[in-house]
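Asks: I'd like to ask some things about the structure below.
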Amino acid sequence: MIRISMRAALAAVVSILALADVTLADQFAVARCDAMRKAHSIVARQKEVYAFCKPCGDTAAKRVVVSAPRVDPENAAPYENCTLRIGGREVDLAYVYVLHNGRLENLAFLAGLAPVDVPRSLALAGGPSGEDAAGPQRPDTRPDAPTPGSADAPYLTQLEREVVDELNRVRTDPAGYAAHLEGMLKYFRGRRYERPGAITLLTKEGAAAVQETIDFLKSAKPLPPFVPSPGMSRAAKDQVNDTGPKGLTGHQGTDGSSVGSRLNRYGTWRRSCGENISYGKNTAREIVIQLLVDDGVPSRGHRKNIFSPKFLRVGVGVGPHRTYRHMCVNTYAGEYVEK
């Protein structure tokens, strides 16, 4: 049997085109700046990307060499929408694919957007001759088929949407996210965290826990973004509403419920489920960093939940806590079928 590399196989069946030859229909030529920046961070690590636009009449993916990718603001300050340009030309994220974990993954989905009528990935189907052909994977058309990102989750509050997006930033680009933690190190004095303008915090492990998190993020493999779930978010809010006003902590409800039983109130979880709870933080970045660092938790169980490849769905609930002022509950599942 003749063995050839995946990249060589792709090169055998797709043509290298100048970007001017790639015609894309308009879905996400313009999008939220945070999504475009996420897409840019992905593209910047690639030597080439792949264009596939079925509405444009494409029957196979076309390889495009990456040259000088950049994000440009689309409207006046404070810039809300941006464009992504490769080689000076604007591209539509909905019809761009990048090689990731052995598949060509849709860039819009990876950036946390929800394109319409495009395959999430292009399968690499081996032929009898040993050559590989890139073609579209049949899209998931189930009524409850997940779409990533928080943009289409009106059941979430603004902060809850920001938590989903922050979780997906660290999942899809852990090495890039490490920079947010590196800036924290200079504020430690032993176990005391003394950031100017903020309340001094007495940690259990000091800077060592933050440095260990940075090292983990720099070596972690990117994972697909979480897909938010209405039912899972209702389960998360149940725990907030139950324990927050009473000043309680922990994963058991006052009625004896567990995360699994709460999830099953609004749907059915499958494969695996879990829960993280943050106390005392009221911004998305602070919440996620608290869970990542997991100060004083030897197992780093909260971080493991965020980076578990078994978890693909997420629910978020935030609210007041009588003792710690703020709490945020994240529920996780491998699969979830809404009622």
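Asks: Taking the stated definitions as given, is L181 open to solvent by less than 10 Å² (accessible area, probe 1.4 Å) and closer than 21 Å to G296 by Cβ?
Replies: Values: open to solvent by less than 10 Å² (accessible area, probe 1.4 Å): yes; closer than 21 Å to G296 by Cβ: yes.
So L181 passes the test.
Asks: Out of V170, V96, which single residue is open to solvent by less than 30 Å² (accessible area, probe 1.4 Å), farther than 30 Å from L201 by Cβ and at pLDDT 90 or above? Let's see the steps before the verdict.
Replies: On the way: V170 fails: farther than 30 Å from L201 by Cβ.
None of the other options fit; the residue is V96.
Asks: Further question on the same structure: Checking the condition at pLDDT 85 or above and open to solvent by 60 Å² or more (accessible area, probe 1.4 Å), which residue from K47, K54 passes? Outline the logic, then answer.
Replies: Numbers: K54 fails: at pLDDT 85 or above.
K47 is the lone residue from the list that is at pLDDT 85 or above and open to solvent by 60 Å² or more (accessible area, probe 1.4 Å).
Asks: Another question, if that's okay. Quick one: in the range 184-212, of everything that is within 22 Å of S299 (Cβ to Cβ) and among the β-branched types (V, I, T), which residue is farthest from the chain's Cα centre (by Cα)?
Replies: Of everything passing the filter in the range 184-212, T203 is farthest from the chain's Cα centre (by Cα).
Asks: Given the conditions (1) open to solvent by less than 50 Å² (accessible area, probe 1.4 Å); (2) part of a strand (DSSP E or B), report the number of the one that P222 does not fulfil.
Replies: The single condition P222 does not satisfy is (2).
Asks: Taking the options V91, V65, name whichever one is more than 23 Å from L167 (Cα to Cα), open to solvent by 20 Å² or more (accessible area, probe 1.4 Å), at pLDDT 85 or above and among the aliphatic types (A, V, I, L, M).
Replies: V65
Asks: For P320, are the conditions met, namely being under 24 Å from the mean Cα position of the chain (by Cα) and either part of a helix (DSSP H, G or I) or exposed (fewer than 14 other Cβ atoms within 10 Å of the Cβ) (or both)? Steps first, please.
Replies: Working: under 24 Å from the mean Cα position of the chain (by Cα): no; either part of a helix (DSSP H, G or I) or exposed (fewer than 14 other Cβ atoms within 10 Å of the Cβ) (or both): yes.
No, not satisfied.
Asks: Additional query: Could you give me the residue pairs with C-beta distances under 6 Å whose first residue belongs to the range 265-277 and is in contact (Cβ under 8 Å) with a residue 12 or more places away in the chain, whose second residue is hydroxyl-bearing (S, T, Y) and open to solvent by less than 20 Å² (accessible area, probe 1.4 Å) wherever it lies, and which are 6+ apart or on separate chains?
Replies: Short answer, once both residue conditions are applied: G267/Y336; W269/Y336; G274/Y332; E275/T331.
Asks: Report, by residue number, each residue of the range 306-334 that is within 21 Å of P174 (Cα to Cα) and not small (G, A, S). Walk me through how you get there before you give the answer.
Replies: Step one: of the range 306-334, the residues within 21 Å of P174 (Cα to Cα) are 306-316, 330-334.
Passing the criteria: I306, F307, P309, K310, F311, L312, R313, V314, V316, N330, T331, Y332.
Asks: Tell me which residues, restricted to the range 222-248, are among the β-branched types (V, I, T) and over 14 Å from V318 (Cα atoms).
Replies: We begin by selecting, within the range 222-248, every residue among the β-branched types (V, I, T); these are 227, 240, 243.
Listed by number, the list holds a single entry, V227.
The values are calculated or read from the model by the stated rules, or taken from the named source; none is laboratory data. Small disclaimer: the values here were computed from a predicted structure and weren't measured. As a convention, Cβ positions derive from the backbone with ideal geometry for all residues, glycine included, and neighbour counts pool all protein chains shown. Keep in mind that these areas ignore ligands, DNA and RNA; they rest on the heavy atoms of the full protein, side chains included. Shrake-Rupley method; radii C 1.70, N 1.55, O 1.52, S 1.80 Å.
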